[in-house]
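The values are calculated or read from the model by the stated rules, or taken from the named source; none is laboratory data. This structure is a prediction, so every number in the text was calculated from the model and none was measured. Every residue, glycine among them, receives a Cβ derived from its backbone with ideal geometry; neighbour counts consider all protein chains shown.
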Amino acid sequence: MTSLFNLIRYLKVKLVVNTLWRWSPKSYLRSISLFSATESDTVWQLIHAFYMIENPKHRAEIFTQILEEDFHAKQFEDLINITEHADNYKVPFEEKKFLYSKEDPVWKLLAYCYIGEKDAADKFKDIMACSHNPDLKRTLAKIIHDETSHVGQANSILYELGAKPSEIKIELWRIRLIRKYESLVRNTKRIFEVIVDALLAIIYFTMGLLVSFKAKSIILDRKNS
Amino acid sequence: MKTLGISYGYHDAAAALAIDGKLVACSQEDRFTRQKHDANFPRYAVEYCLEQSNISLSDLDLVVYHENPVEKFTRVLTSSFYSYPYSFSEFKNSMKSWLTQKLWVNNRLSKEFKVSPFKIKNLDHHFSHAANAFIGSGFDEAGIIIVDAVGDWFSTVIYKGTWQEGKPKIEAVRKIKFPNSLGLFYSAVTEYLGFNPNDQECNTMALAAFGEPKFYDELEKLVTWNEDCSYTLDQSFFNFMKFYDGGINEKFIEKFGSAAKKNIFNNCDCFDPNFKLEETTKHYTDMAASIQRLYEKYITTCARFILKEHSTNICFAGGGALNCVANGKLAQLEGITNLYIPADPGDGGSAVGAALYGNFMAGFSEKDVSRLKYPVYLGKGYDEKLDVASLQEINPKELKRYLKNSKYANLNFFKVLEFTDSKQMIDKVSELLMDKNIVGWYQGRSEIGPRALGNRSILIRPDDYQLAKRLSTKVKKRAAFRPYAVSVSSNDADKLIDEHFIKYDGLKKMQIATPVKDECLEKVKACVHVDKSTRPQICDEKENPLYHELLNKFGERFGLSALLNTSFNEKGFPLIDSPLLALIMFVRTEMDVLVLNNTVILKE
């Protein structure tokens, strides 16, 4: 089952990297910006985790991980910043929301980050295998190396924070399911957006002519007043 | 009376809480989310405001949103149909966000805060700015200038503010309608210079000092001035209805030449006294100087109108009031008795206006209006102990990748000095500043607004070009054409700047650029721009006693109680909020010393 998922993911990545990114640089840059935003969000979640932990040793581990994730975000951003009008390609800021509340044990948040790291590393490996862009490959190689070591690090903190192995196992499964569900929602939203775009196009081009006369008269009146 | 003011949806989302006319807490959302100018719902800013005052949502009398979403929606809709049938992408993008979120702001506020919809009130966009400026000024009466790119339907509004039976009466006396907007004109030229409109106007302002206003006459021809300080813009040069596609059009490019290319201003250096401007760059710096001159002319025209018809007290707010060079020109005008610019004159500050005015809407009244002035240190404060303890657990070798091209490539350890007495701490820090260290200075509650006023600041001695350059390249990572500001103790302010300016409250908040006295130029040369001006903060003991003491202690050693002061953040990030963020910046940049309340950390 897992290998089937992996195969589907690989084919999807191959399709995007070899067709969409090749023909649409804008789409490539938006994707890179999205990676940067995801890394930044991990940083933000970890900052929250930092303040939920009291043990200075664990805090120090989170601290170094925050630095690394922020470094990754910056690496992706640098790939965009070399282009003219780079800011046009950056994805808008999403509304932030902590994944877990103050009442939840902190290891659950770390478990979430652990799964996220693992998924990102797998996805980046696939992109690296398909991409012909040397800058991107260089950046990804560094990031994959870090992410892989984070996975081991995060795993050991989970146990040190006092979570039982069975609890961790259940939580990891729960998170995987949530992430699959979130991915499904995202994809559905994309399909829905296409429908919304079509509806808006119909409204714009059918009613627009009438409304535009009124709009023009309002603006002309304001321009000259 | 307890009222919460909220602003969000365009940029600089913020929340502010006022209790019985007193502003008790305020913060921009980006301090918590690390997303500069974050426009999203200010969830964490609200959480902070309530926590700080120890009240719950059910205790609130009113929640006031800073603008009227329906008014704004009609403007957005009208603009997007104006260019029919060439504005589909504009229409699509705006409608998606408006129809799903922005139009239903009141419903969301009601739902999020679990309060009745009747407790949610709206003000007009410019009115919120005006309330922030007028109520916070403590003036009995004033003329209020509000200038920004565009609010609900207006770009500039001039109000007259008075008090009646303990309540503010703010009435519009002049309104300039969108699309006539000098704010948008300024943003369009910012875009022409290769920067982000609505964000990097400060770059245009900084570059103006490098140029001469050679294009002033040509730019002015695009504006038709009327006697009552209103104007019309020749819209054929602009694209204000489709700002997604950029603010300027082909006609503008034909007249003024192609837009600036990326990194063209890299050679502009305000820390190099022998710097020569290249011919290709000069065209653009001249454009910056020209639009700056035009903007200054407009602001002073508005002020003259107020002085003639309404009042000698002037309040100024809106995004336009962030232009400290124009504020400086305003401060030089003859006849002004008082000039007040709020700590956050932009959209973040309109949450303050909404909160303060909300108190009066809920029934509060105040006879002594001077009591309504509010301090600037109303952001969140943290205890640093646990953060420092975790730093001591870190192996500095793990940090090498961030410091490999810096003077700390061989960092061995962090030396932590904990002081119980702030006097000893200040003595140590002033010594470190004299020894040419870059010091991160983090104290108490953070400042509201975009300026670092001595609680979230990076400090260096003010007379060293090389040190300032190192600060720009290795710590702040910002362009060398942007000058730094100076903090000066109230004891020495008259040595640095002309007496005429010192009376203005704006100088306490670093909002007015002023010329530097010749005798002090050498002493503060690292924070003086190429036109020999600076953006001073006069720090008095009452406002910030600890910072005042540091300035004086440093002054004993240096001969002038002044420090170069810049905001505690890296390029692309908002002002830092927590000690953890201060530590992150400290360990990965060339910052030499970090002071977290009474703890001093050094790199060894």
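Restricting attention to region A:189-225, which residues are under 27 Å from the mean Cα position of the chain (by Cα), of a type in the set (A, V, I, L, M, F, W, C) and loosely packed, with under 14 Cβ neighbours inside 10 Å?
Here is the first cut: in region A:189-225, the ones under 27 Å from the mean Cα position of the chain (by Cα) are A:189-198.
Okay, now just the ones that are also of a type in the set (A, V, I, L, M, F, W, C), so A:191-192, A:194-196, A:198.
Correct list: A:I191, A:F192, A:V194, A:I195, A:A198.
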Original post:
Hey, any hits in region B:418-428 for a residue that's among the β-branched types (V, I, T) and touching a strand residue (DSSP E or B) at 6+ places or on another chain (Cβ under 8 Å)?
Top reply: no
Original post:
buried (at least 19 other Cβ atoms within 10 Å of the Cβ) and either in a loop (DSSP other than H, G, I, E, B) or without any contact (Cβ under 8 Å) to a residue 60 or more places away in the chain (or both): does that describe B:D494?
Top reply: no
Original post:
Does at least one position in region A:160-171 carry a residue that is part of a helix (DSSP H, G or I), under 19 Å from the mean Cα position of the chain (by Cα) and free of Cβ contacts under 8 Å to residues at least 24 places away in the same chain?
Top reply: no
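From the list A:L79, A:L15, A:L99, pick out the single residue that is of a type outside the set (D, E) and surrounded by 18 or more Cβ atoms within 10 Å (Cβ to Cβ).
Values: A:L15 fails: surrounded by 18 or more Cβ atoms within 10 Å (Cβ to Cβ); A:L99 fails: surrounded by 18 or more Cβ atoms within 10 Å (Cβ to Cβ).
Exactly one residue qualifies, and that residue is A:L79.
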Original post:
If you go through region A:38-70 one residue at a time, how many are in contact (Cβ under 8 Å) with a residue 24 or more places away in the chain, at the interface with chain B (Cβ under 9 Å from one of its Cβ atoms) and either within 30 Å of A:P134 (Cα to Cα) or basic (K, R) (or both)?
Top reply: 5
Subject >> Those residues of region B:407-431 which are acidic (D, E) and within 23 Å of B:R470 (Cβ to Cβ), in sequence order >> reply: B:E431
**OP:** Please specify each residue of region B:137-156 satisfying the condition of being farther than 12 Å from B:E67 by Cβ and buried (at least 24 other Cβ atoms within 10 Å of the Cβ).
**Re:** B:S137, B:F139, B:A142, B:G143, B:I144, B:I145, B:I146, B:V147, B:A149, B:S155, B:T156
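Only residues that are basic (K, R) and touching a residue at least 12 places away in the same chain (Cβ under 8 Å): list them for region A:1-37, please.
A:R9, A:K14, A:K26, A:R30
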Original post:
Is it the case that some residue within region B:337-348 is in contact (Cβ under 8 Å) with a residue 12 or more places away in the chain, acidic (D, E) and either under 30 Å from B:K474 (Cβ atoms) or assigned to a helix (DSSP H, G or I) (or both)?
Top reply: yes
Original post:
For region B:276-312, which residues satisfy the criterion of being hydrophobic (A, V, I, L, M, F, W, C) and either over 15 Å from B:N266 (Cα atoms) or surrounded by 22 or more Cβ atoms within 10 Å (Cβ to Cβ) (or both)?
Top reply: B:M287, B:A288, B:A289, B:I291, B:L294, B:I299, B:C302, B:A303, B:F305, B:I306, B:L307
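Inspect all residues belonging to region B:100-108 and state whether any of them is farther than 28 Å from A:A201 by Cβ and out of contact with any Leu (no Cβ under 6 Å at 6 or more places or on another chain).
Within region B:100-108 (the criterion being farther than 28 Å from A:A201 by Cβ and out of contact with any Leu (no Cβ under 6 Å at 6 or more places or on another chain)), the answer is yes, since at least one residue qualifies.
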**OP:** Kindly indicate which of A:S27, A:S33 is in contact with a Lys or Arg (Cβ under 6 Å, 6 or more places away or on another chain), hydroxyl-bearing (S, T, Y) and either surrounded by 14 or more Cβ atoms within 10 Å (Cβ to Cβ) or more than 30 Å from B:A13 (Cα to Cα) (or both).
**Re:** A:S33
Subject >> Filter pass, B:V416 being within 14 Å of chain A (Cβ to nearest Cβ) and either modelled with pLDDT of 95 or more or surrounded by fewer than 16 Cβ atoms within 10 Å (Cβ to Cβ) (or both) >> reply: yes
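Within region B:320-373, how many residues are of a type in the set (A, V, I, L, M, F, W, C) and either under 28 Å from B:T534 (Cα atoms) or in contact with a Cys (Cβ under 6 Å, 6 or more places away or on another chain) (or both)? Let's see the steps before the verdict.
Of the residues in region B:320-373, the ones of a type in the set (A, V, I, L, M, F, W, C) are B:321-322, B:324-326, B:330-331, B:333, B:336, B:339, B:341, B:343, B:351-352, B:354-356, B:360-362, B:364, B:369, B:372.
Next, only the ones that are either under 28 Å from B:T534 (Cα atoms) or in contact with a Cys (Cβ under 6 Å, 6 or more places away or on another chain) (or both) stay: B:321-322, B:324-326, B:330-331, B:333, B:336, B:339, B:341, B:343, B:352.
Adding up the residues that qualify gives 13.
Quick grid of which residues meet (1) over 21 Å from the mean Cα position of the chain (by Cα); (2) buried (at least 22 other Cβ atoms within 10 Å of the Cβ):
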| position | (1), (2) |
| --- | --- |
| B:V486 | no, yes |
| B:S490 | yes, no |
| B:D505 | no, no |
| B:T514 | no, yes |
| B:C520 | yes, no |
| B:K525 | yes, no |
| B:R535 | no, yes |
| B:L551 | yes, yes |
Subject >> region B:375-403: number of residues that are farther than 22 Å from B:V600 by Cα and within 12 Å of chain A (Cβ to nearest Cβ) >> reply: 1
**OP:** Please state which of the following conditions A:P134 fails to meet, knowing it meets all the rest: (1) over 29 Å from B:Y8 (Cα atoms); (2) more than 13 Å from chain B (Cβ to nearest Cβ); (3) surrounded by 17 or more Cβ atoms within 10 Å (Cβ to Cβ).
**Re:** (3)
Subject >> Matching residues, region B:224-236, being farther than 14 Å from A:R222 by Cβ and crowded, with 17+ Cβ neighbours inside 10 Å >> reply: B:C229
**OP:** Just name the residue that is nearest to the other protein chains (Cβ to nearest Cβ) out of those in region B:245-275 that are surrounded by fewer than 13 Cβ atoms within 10 Å (Cβ to Cβ) and assigned to a helix (DSSP H, G or I).
**Re:** B:N266
**OP:** Within region A:68-106, work out how many residues are under 30 Å from A:E171 (Cα atoms) and in contact with a Leu (Cβ under 7 Å, 6 or more places away or on another chain).
**Re:** 4
Original post:
With respect to B:I497, is the statement that it is of a type in the set (V, I, T), out of contact with any Phe, Trp or Tyr (no Cβ under 9 Å at 6 or more places or on another chain) and farther than 30 Å from B:F195 by Cβ true?
Top reply: no
Original post:
Can you name the residue in region B:37-82 that is touching an Asp or Glu at 6+ places or on another chain (Cβ under 8 Å) and polar (S, T, N, Q) and, of all such residues, is nearest to the other protein chains (Cβ to nearest Cβ)?
Top reply: B:N40
